[in-house]
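> Just dropping this structure here.
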Amino acid sequence: MSHQVLETKPASLDACRVLRVHCRYQSTNGRVSRMLDLEGIIEALSDPNVYMIGVCGNHDDRMGNHLDTVVRRVTREGLFGVFVMVTITEKPNLRRILDEIANQLGFSYQKIEKKTNSFRGVFPGKTKKNKDLSEYARQLSDKIRTDQPKVLFILRDLHTKFDLSTIGVDHRFCKLIITSQSEDTLSNQMNAQRTFSLRL
C-alpha cells in the first residue's frame, strides 16, 4: 500500500538538546499510519543516553492503542523486563498512583509505624498523610533500584510539571514515556529528551 506524505517537519536539536519529531502520513484510502513515530520511539528507548521520551497527543483510545503497540514491540525485542502504566491527570492523586504502581510491580508497602524516626525531620511542616506518601515513594524507589529488572514507566495525561520523586521514580534506574496534550509540558517543564507528536 502506497503512502503519501502530507506533512513532515525535520528533526532539530535545540539548546536544551530536545529532539522534536513530527511525522504524519496518510495512506491513499484515508487511514493514518504512524510507523515512523513508532520506529522513532523504539529507537529512542534503545538509546542508552535517553531516559525520558515525550508523546504529545490527546488522552484517548488512539493514544492508548499506540502505547500498547509500543509495549508489545519492546516486549518482543526484550528491551525491558517490567512495564508500568499509570494516568497522572490534572490533579494527581498520589496515593492512587503509588498504589497502582505497587500493584503492577507486585509490591506491598511495609507498614509505617506510628512512631518512627525514618524521616529525621526532613519533612518539616508536612502532615502525617504526606509523610506516609513520601515513605511509600521511598519504598518504591528502593524496590525499583534494587530488585526489579529494567522498568519502563508510561505516565499518561500530564498537564503540568510533575515531580517524579513523589511516586518513587528515578530516571537513573528506569526509562519513561510521558504523554501530554501540551508540548510545552513535555519539552520545557518535564525536559523530555525526545518528543514525538501523534496529533492528526
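> Just give me the residues in segment 63-92 being within 17 Å of ILE167 (Cα to Cα), surrounded by fewer than 12 Cβ atoms within 10 Å (Cβ to Cβ) and in contact (Cβ under 8 Å) with a residue 12 or more places away in the chain, in sequence order.
Scanning segment 63-92 gives a single hit, GLU90.
> Tell me, please, whether a residue that is at pLDDT 85 or above and closer than 24 Å to GLY40 by Cβ can be found in segment 128-150.
Yes, the conditions are met somewhere in segment 128-150.
> Moving on. From the list ILE167, ILE177, ILE144, which one is closer than 21 Å to ARG62 by Cβ and either among the aliphatic types (A, V, I, L, M) or without any contact (Cβ under 8 Å) to a residue 24 or more places away in the chain (or both)?
Working: ILE167 fails: closer than 21 Å to ARG62 by Cβ; ILE144 fails: closer than 21 Å to ARG62 by Cβ.
Being closer than 21 Å to ARG62 by Cβ and either among the aliphatic types (A, V, I, L, M) or without any contact (Cβ under 8 Å) to a residue 24 or more places away in the chain (or both) holds for just one of ILE167, ILE177, ILE144, which is ILE177.
> Looking at (1) part of a loop (DSSP other than H, G, I, E, B); (2) at pLDDT 95 or above; (3) surrounded by 13 or more Cβ atoms within 10 Å (Cβ to Cβ), which one does PHE119 not meet, given that it meets all the others?
(2)
> Something else about it: Considering only segment 55-72, how many residues are in a helix (DSSP H, G or I) and closer than 27 Å to ASN188 by Cα? Working first, answer last.
From segment 55-72, those in a helix (DSSP H, G or I) are 61-72; that's our starting set.
From the residues that got through so far, the ones that are closer than 27 Å to ASN188 by Cα too are 61-71.
Summing the residues that are in a helix (DSSP H, G or I) and closer than 27 Å to ASN188 by Cα in segment 55-72 gives 11.
> OK, next. Residues of segment 177-200 being under 11 Å from ASP157 (Cα atoms) and assigned to a helix (DSSP H, G or I), which ones?
THR185, LEU186
> So for segment 73-81 (the condition being outside any loop (DSSP other than H, G, I, E, B), at pLDDT 95 or above and either under 16 Å from the mean Cα position of the chain (by Cα) or closer than 19 Å to THR179 by Cα (or both)), does at least one residue qualify?
Checked against the condition, which is being outside any loop (DSSP other than H, G, I, E, B), at pLDDT 95 or above and either under 16 Å from the mean Cα position of the chain (by Cα) or closer than 19 Å to THR179 by Cα (or both), segment 73-81 yields no hits at all.
> Given the conditions (1) in contact (Cβ under 8 Å) with a residue 40 or more places away in the chain; (2) part of a helix (DSSP H, G or I); (3) surrounded by fewer than 21 Cβ atoms within 10 Å (Cβ to Cβ), and given that HIS159 satisfies all but one, which numbered condition is not satisfied?
All conditions are met except number (2).
The values are calculated or read from the model by the stated rules, or taken from the named source; none is laboratory data. What you see is a predicted model; the values in this text were computed from it and never measured. Glycine gets a Cβ as well: all are built from the backbone with ideal geometry, and neighbour counts include every protein chain shown.
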